[in-house]
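The values are calculated or read from the model by the stated rules, or taken from the named source; none is laboratory data. Note that the coordinates shown come from a computational prediction; the quantities given were computed from them, not determined experimentally. For the accessible areas, the whole protein counts, side chains as well, though only heavy atoms, and no ligand, DNA or RNA atoms are used. Shrake-Rupley method; radii C 1.70, N 1.55, O 1.52, S 1.80 Å.
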Amino acid sequence: IEHNVNDIVSLYFLMHQIAAVNEDPVGKIRDADDILSLARILETRREHEKVSELLEQFEITLWAEKRYDILMRQAQAYKRTDAVLRAVSIWERIVESGAPESYFAGIELAKFFEHRRKDHSAALEMTESVKIACPGIRTARRDLEKRLTRLQKKLARSGKPK
């Protein structure tokens, strides 16, 4: 019984702490992994605008700590809320960094160029530039090759050279 009482009391204080963090993340969170955890919770709820707002408050710190994994989440939240140009800005900076996340940021940029800008040359160029950074995952390599082939075909049909 004592153990169960301790659990209930602990849960009360834990819920109080969680509510305080949710209400004032900047004042309560210090660690990037805690920022990531809160962003994941909001993503699970599909509260993409709140993800954007949360991560904007920590953006300077995230860039300084080179937390490109979290910044990629911010870019995805922007993309999902149709603030695509903000996402593009983040993807470009991540690609320039050469970090492991630069492959995924580059693929997002290629999608942007292909589908939004209809600039197949830029999409192909971006896809080729991140080819070196492609992770060894078989599906990633296969998807990359499909993208390259599709873009080359589109350019060939349009009569534009690479």
May I have the pair-distance distribution P(r) for the stretch 52-113, computed from all Cα-Cα distances with 10 Å bins from 0 and rounded to whole percent? 25, 60, 15
Mean Cα-pair separation over length for the chain, i.e. relative contact order, pairs under 8 Å, 6 or more apart, %: 11 percent
Kirkwood Rh and Cα Rg combined as Rg over Rh, evaluated for the chain: 1.14
Connecting C-alpha atoms closer than 10 Å in a GNM of the chain, tell me which of E96, E23, E49 has the biggest fluctuation. E23
Listed residues Q74, Q17, Q57; largest mean-square fluctuation, Gaussian network over the chain with Cα springs below 10 Å, found at Q17
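Over 25 Å between Cα atoms, which of K111/K154; K79/K118; K79/K131; K111/K131; K66/K153; K28/K50 qualify? Provide the component values of the computation, followed by the final result.
Numbers: K111/K154 14 Å; K79/K118 17 Å; K79/K131 23 Å; K111/K131 14 Å; K66/K153 37 Å; K28/K50 17 Å.
The pairs that break the limit, which is 25 Å between Cα atoms, are K66/K153.
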Using the heavy atoms of the protein chains alone and a 1.4 angstrom probe, what is the accessible area of the chain per residue in square angstrom? 64 Å²
Taking all protein chains as present, what is the carbon and sulfur share of the accessible area of the chain, in % to the nearest whole number, probe 1.4 Å? 52 percent
Could you sort Y68, Y12 by their accessible area in this structure, using a 1.4 Å probe and putting the largest first? Y12, Y68
